[in-house]
Amino acid sequence: MHALSGWFAAGVADGSADTVLGRMLGAAIDRSSMQRAANTSGEVGVGVVNGTLACEGRLWSAIVGRPRWLDADLASLAERSGHGTALLEAYRRLGTDLLSQLLGSFSIAVLDPANRRLLLAVDRMGIETLCYAPLEPGGLIFGSTTEQVKAHPRVGATVSEQSIFNYLYCGICPSPGSIYREQRKLLQ
């Protein structure tokens, strides 16, 4: 089991960021591999279970799944320093075009608060998932599951009647919808 959760421009009270990240990642069974980080103001936070987390200056990255890099330099960096570090380097070099160099199953988050940018992505087949809840003005809570997103104190959990209809008649809640009105799922 692996998980990715966090927030961008959607702070929590001072001193409680680690607690909120722990609660968001709490559904994960293997807590021994949990990594969490948040900036001191609580405006940015990210955590992973069975994934890789990297932070250099004010640039943060998190990746879970089984990624493979097409670029030999990025693949070598991932072997030496972890996929999170390779993800930061790919973002610096290529921006959002880094996705053209990434294969396999993955969920990623690159948080760049200095430039007010957030990149969330999942693999092309949709093996991994990411759910999110937008907040006003411009904040975002994200996680591998709706339950993880719902664990953030600023996210509501109102069940959507349309999602119930979709589930009963189709057997799924198709993206970008989710079971909750306040949340969406990334399209693959």
Taking region 133-156 as the search range and keeping residues that are of a type outside the set (G, A, S) and part of a loop (DSSP other than H, G, I, E, B), which one is nearest to the chain's Cα centre (by Cα)?
T145
Can you pull out the residues in region 97-114 that are over 13 Å from the mean Cα position of the chain (by Cα) and open to solvent by less than 90 Å² (accessible area, probe 1.4 Å)?
L98, L99, S100, Q101, L102, L103, G104, S105, D112, P113, A114
For residues that are hydrophobic (A, V, I, L, M, F, W, C) and in a helix (DSSP H, G or I), tally how many sit in region 71-122.
13
Quick one: would you say A90 is surrounded by 16 or more Cβ atoms within 10 Å (Cβ to Cβ), of a type in the set (A, V, I, L, M, F, W, C) and within 28 Å of T19 (Cβ to Cβ)?
no
With (1) within 16 Å of A10 (Cβ to Cβ); (2) open to solvent by 40 Å² or more (accessible area, probe 1.4 Å); (3) modelled with pLDDT of 90 or more as the list, and T40 as the residue in question, which single condition is left unmet?
(3)
Of (1) out of contact with any Ser or Thr (no Cβ under 9 Å at 6 or more places or on another chain); (2) surrounded by fewer than 18 Cβ atoms within 10 Å (Cβ to Cβ), K150 satisfies every one except (2)
Conditions first: (1) in a strand (DSSP E or B); (2) at pLDDT below 95; (3) open to solvent by 30 Å² or more (accessible area, probe 1.4 Å). R68 passes all but one, so which condition is the exception?
(2)
So if I check each of L130, L119, L77, L168, which one is without any contact (Cβ under 8 Å) to a residue 60 or more places away in the chain and under 16 Å from the mean Cα position of the chain (by Cα)?
L119
Can you name every residue in region 157-187 that is farther than 17 Å from L140 by Cα and part of a loop (DSSP other than H, G, I, E, B)?
T158, S160, G171, I172, C173, P174, S175, I179
Restricting attention to region 174-188, which residues are in contact with a Lys or Arg (Cβ under 8 Å, 6 or more places away or on another chain) and either of a type in the set (V, I, T) or open to solvent by less than 40 Å² (accessible area, probe 1.4 Å) (or both)?
G177, S178, Y180, Q183
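The values are calculated or read from the model by the stated rules, or taken from the named source; none is laboratory data. These numbers come from a predicted model, not from an experiment. Positions of Cβ are backbone-derived with ideal geometry, glycine not excepted, and every protein chain shown enters the neighbour counts. Heavy atoms of the whole protein, side chains included, go into the accessibility calculation; ligands, DNA and RNA do not. Shrake-Rupley method; radii C 1.70, N 1.55, O 1.52, S 1.80 Å.
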